[in-house]
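Asks: After the structure tokens below, expect a handful of questions from me.
The values are calculated or read from the model by the stated rules, or taken from the named source; none is laboratory data. Since this is a predicted model, take the numbers as computed values, not measurements. A quick note on method: Cβ atoms are made from the backbone with ideal geometry, for glycine too, and the neighbour counts reach across all protein chains shown.
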Amino acid sequence: MKINMNHLPTGSICQMEEFLKSNSEITMEITADKEKYEFVSAVLLKIRYKKLKRPEKRIVQKYLKFLTGYSKGHIKTLISSWKKGLLYFNPMRNRNKFPVKYFASDIARLIDTDVAHGCLNGKTTKGIMQREFSVFGKVEFENISHISISQIYNIRKTNLQYESSPALFFRHTQSTSADIGIRRKPMPFGNPGYLRVDTVHQGDLGRVKGVYHINIIDEITQYEMIATVEGISYQFLTPVLESLLKLFPFKIYEFHSDNGSEYINKIVSDLLNNLLIDQSKSRARHTNDNALVESKNGSIVRKLFGRNFIAKKYASIINEFDKKYVNIYLNYHRPCLFSEDKIDRLGKVRKNYKIVLTPYEKLKSLENANEHLKEGITFESLDKIALAESDNSFGKKMMDAKDKLFKKISHKLTN
């Protein structure tokens, strides 16, 4: 409903407040800016705006904003001008505007060029338009040939004439987020088979990359498998990942990594899908999501192999060492600490690391442990591996093999 300004309450704050509460669909009959300016001036004068308190001034501002349709900032500007005695409408006021430099005919020449060449980069496009004018003498390209490269991109992105032209068909492929892996923290609820994976780089020498260690660990049992590869591209990584996943004696349900492209890619995703394993990745600003395997990178991988550069040509012999010694040692002869969680009187979870077990012993201690094993694997067969040698005996054998391995590597480096 429209109402004439002569019928509006302008005498008291209470009347204005009641009007705002009860007339949400009323609009002013006047639409001209000049009449609105005069109305604002009349209301401010009649209500004695300068003598009002701050809450009352806010009501007047809302009242004027509601009836004129102006923004809050515009109303405040008008009130400020009224206080100075300068509130009047001046339609002849000059406004600074950027001059139009490229007209519809010039935009049409850009469209023609993009259609003809398939929307090339800005610098090449400008060069083509300059050649059209200077080499081939086409006068219609004179103005547009002086365009800046950034302005070409601005026109392609924001100009309505360009947006509705055939040139839009030649837009480059827009990047999209990869829907590979669910961004979440794994929740094993006491069950094995929820793996964390990370990559450890064995240093650089100038521009030459060293070997990479692949470290996979189960969250509940701390079962851990390590492999060494020449690089983290799919041709090296995929077969090694598949072989490592087969080494775990229990069923695997989830594979969790950080957001690195070595694991978040189509090839790894297809591999996990074929094995019926869910894939998840770390959440943004949640550094603890992959903290377990990252801590093992330091306490296991760095302690075994150090931080010095090892050339990628030695990846195969290091990987043989991992298979023959490291993976057996970590899971059957190296005890880990496991926490007992207790809730204190304030409701905070307190972790007490009193339990000392090897990953294999932890697996056997789980409730219904046999149900977690893969088909064809029994604890009797695993006991033969675990009890074949004592912890000290196998540890000494591994260290002797490690010394021979590094002597072999250092001997080849010096020759």
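Asks: Among Val100, Val115, which is the only one that is exposed (fewer than 13 other Cβ atoms within 10 Å of the Cβ) and of a type in the set (A, V, I, L, M)? Please lay out each step first, then the result.
Replies: Values: Val115 fails: exposed (fewer than 13 other Cβ atoms within 10 Å of the Cβ).
Exactly one residue qualifies, and that residue is Val100.
Asks: Right, here's the next one. Suppose we filter the stretch 225-253 for residues that are in a helix (DSSP H, G or I) and basic (Lys, Arg); how many remain?
Replies: Of the residues in the stretch 225-253, 1 are in a helix (DSSP H, G or I) and basic (Lys, Arg).
Asks: Would you check if Ser243 is among the polar types (S, T, N, Q), modelled with pLDDT of 90 or more and surrounded by 15 or more Cβ atoms within 10 Å (Cβ to Cβ)? First the steps, then the outcome.
Replies: Numbers: among the polar types (S, T, N, Q): yes; modelled with pLDDT of 90 or more: yes; surrounded by 15 or more Cβ atoms within 10 Å (Cβ to Cβ): no.
So Ser243 does not fit the description; no.
Asks: Can you confirm whether the stretch 254-261 contains a residue that is in a helix (DSSP H, G or I), without any contact (Cβ under 8 Å) to a residue 60 or more places away in the chain and not basic (Lys, Arg)? Spell out how you get there, then give the answer.
Replies: Step one: list which residues in the stretch 254-261 are in a helix (DSSP H, G or I), which gives none.
So far as the stretch 254-261 goes, no, none of its residues is in a helix (DSSP H, G or I), without any contact (Cβ under 8 Å) to a residue 60 or more places away in the chain and not basic (Lys, Arg).
Asks: Could I ask something else about it? Taking the stretch 335-352 on its own, how many of its residues are at pLDDT 90 or above and of a type in the set (Gly, Ala, Ser)?
Replies: 0
Asks: Taking only the stretch 199-222 into account, find how many residues are in a loop (DSSP other than H, G, I, E, B) and surrounded by fewer than 19 Cβ atoms within 10 Å (Cβ to Cβ). So that I can check it myself, show each step before the final result.
Replies: Here is the first cut: in the stretch 199-222, the ones in a loop (DSSP other than H, G, I, E, B) are 202-203, 206-207, 211, 219-222.
Among the residues that remain, those that are also surrounded by fewer than 19 Cβ atoms within 10 Å (Cβ to Cβ) are: 203, 206-207.
Result for the stretch 199-222: 3.
Asks: Hey, could you check the stretch 309-361 for residues that are polar (S, T, N, Q), free of Cβ contacts under 8 Å to residues at least 60 places away in the same chain and in contact with a Phe, Trp or Tyr (Cβ under 7 Å, 6 or more places away or on another chain) and say which is nearest to Ala388 (Cα to Cα)?
Replies: Across the stretch 309-361, the extreme among qualifying residues is Thr358.
Asks: Here's a check for you: in the stretch 120-170, which residue that is among the small types (Gly, Ala, Ser) and part of a loop (DSSP other than H, G, I, E, B) is surrounded by the fewest Cβ atoms within 10 Å (Cβ to Cβ)?
Replies: Gly137
Asks: A further question on this structure: Assess whether Ser257 counts as being under 30 Å from Asn368 (Cα atoms), within 28 Å of the chain's Cα centre (by Cα) and modelled with pLDDT of 90 or more.
Replies: Here the answer is yes, as Ser257 does meet what is asked.
Asks: Next question. Taking the residues in the stretch 256-298 that are within 30 Å of Asn308 (Cα to Cα) and β-branched (Val, Ile, Thr) as candidates, determine which candidate is surrounded by the fewest Cβ atoms within 10 Å (Cβ to Cβ).
Replies: That would be Thr287.
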